[in-house]
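What follows is a set of notes on a single structure, which appears directly below.
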Amino acid sequence: MTIIDSEFTEVPTPSGPMRTHVFRPTAPGRYPGLVLYSEIFQVTGPIRRMAALLAGHGFVVAVPEIYHEFLPAGTVLAYDTAGSERGNALKTAKALGGYDDDARAALEFLRGHACCTGRLGVMGVCLGGHLAFRAATNPGVAACACFYATDLHKHGLGQGMKDDSLDRAGKIAGELLMIWGRQDPHVPAEGRAKVQAALAAAGTTFTWHEFNGAHAFMRDEGPRYDPELALHGYALALGLFRRKLGEGDQRAAGTLK
């Protein structure tokens, strides 16, 4: 499925406009929506390719710039020491409520998009995995795929580093897909066990996968990329989204007789 990958809009939030990149199928019709959350580096090349892959499988994908209060619209942080330091500093400079405001705004934007069916899911990698988990507590989110969600086990998101994300697991009404790398130093075995126990105690509907992979094994740039694991991860996420969100309506395309 060919896609449109050059669109963006400024979604209003309580803390100012949030540039949000939109990837969608070229074929006319309406498709389920996904909010895709990036790593601390914002909308990099690997994140754009991830969004393109999801859109190519029949979804309208919205990718918000998570640090829009602090950085000029369109800013991309480099995958280097300076970029990591800046991204990690902003992660805890931003108010926890700001992340929640942004999630509600992104979901409402997508729900009202002319090409969206209104069926919504969320997905994220690294910090984005944590943001996707938190966004999934909003009503109407039917599916959530979290890849190596950082800081979830240690309540380290936002100002003060005392988030309540795990405590809110019981508010997640949709289905969760949790994927981890066993060689990820950011989420050690005891951290993964803490998350799993919290989900079970909350009665959350979830599936759990641990691979022999490093942190950021989905990122198709750099030495930690594992193409085989990435393909497997995409298959799991797409299977979840198709099962919970349904498929798009391409009747207007006129391609089938």
Neighbours of Y67 by Cβ distance under 14 Å: Lys/Arg at +1, Asp/Glu at -1, summed charge -2
By the Cα gyration tensor axes a ≥ b ≥ c (a/c under 1.5 gives rounded; else a/b larger than b/c gives prolate, otherwise oblate), the shape of region 91-246 is rounded
Chain lengthening between E190 and R243 when straightened (0.36 nm per residue, less Cα-Cα)
16.0 nm
Mean separation of Cα contacts under 8 Å (6+ apart) over length of the chain, as relative contact order %:
19 percent
One checks the Cα atoms of region 1-145 and finds Rg and Dmax, in Å, of 14.1, 43
Tell me the mean residue ellipticity at 222 nm calculated for the chain from its helices only (DSSP H runs of n ≥ 4, each -39500 (n - 2.57), averaged over every residue, nearest 500).
-10500 deg cm²/dmol
Looking only at chymotrypsin sites (Phe, Trp or Tyr not before Pro) in DSSP loops with at most 16 other Cβ atoms within 10 Å, what is the longest site-free stretch of the chain?
71-224
Efficiency of FRET from Cβ geometry, K154 and R111, R₀ 35 Å, rounded to 0.05:
0.65
What is the gain in length, in nm to one decimal, between D100 and M1 on full extension, counting 0.36 nm per residue of separation less the C-alpha to C-alpha distance?
32.4 nm
Excluding residues on the same chain fewer than 8 positions from K94, give the lysines whose Cα lies under 20 Å from its Cα.
K154, K162
At 4 °C in a medium of viscosity 1.567 mPa s, region 139-187 has a Stokes-Einstein diffusion coefficient, with Rh taken as the Kirkwood radius over alpha carbon pairs, in µm² per second, of 107 µm²/s
Using alpha-carbon positions, what is the distance between the centroids of region 48-66 and region 97-172, in Å?
16 Å
In whole percent, the fraction of accessible protein surface over the chain that belongs to carbon or sulfur atoms, probe radius 1.4 Å, stands at 54 percent
By how many nm would the segment from A73 to R168 grow when fully extended, if each residue of separation counts as 0.36 nm and the alpha-carbon distance is taken off?
31.1 nm
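The values are calculated or read from the model by the stated rules, or taken from the named source; none is laboratory data. This one's a predicted model, so the numbers in the text were calculated from it and none came from an experiment. Cβ coordinates were reconstructed from backbone atoms using ideal geometry, including for glycine residues, and neighbour counts include every protein chain displayed. What goes into the accessible areas is simple: the full protein's heavy atoms, side chains included, and nothing from ligands, DNA or RNA. Shrake-Rupley method; radii C 1.70, N 1.55, O 1.52, S 1.80 Å.
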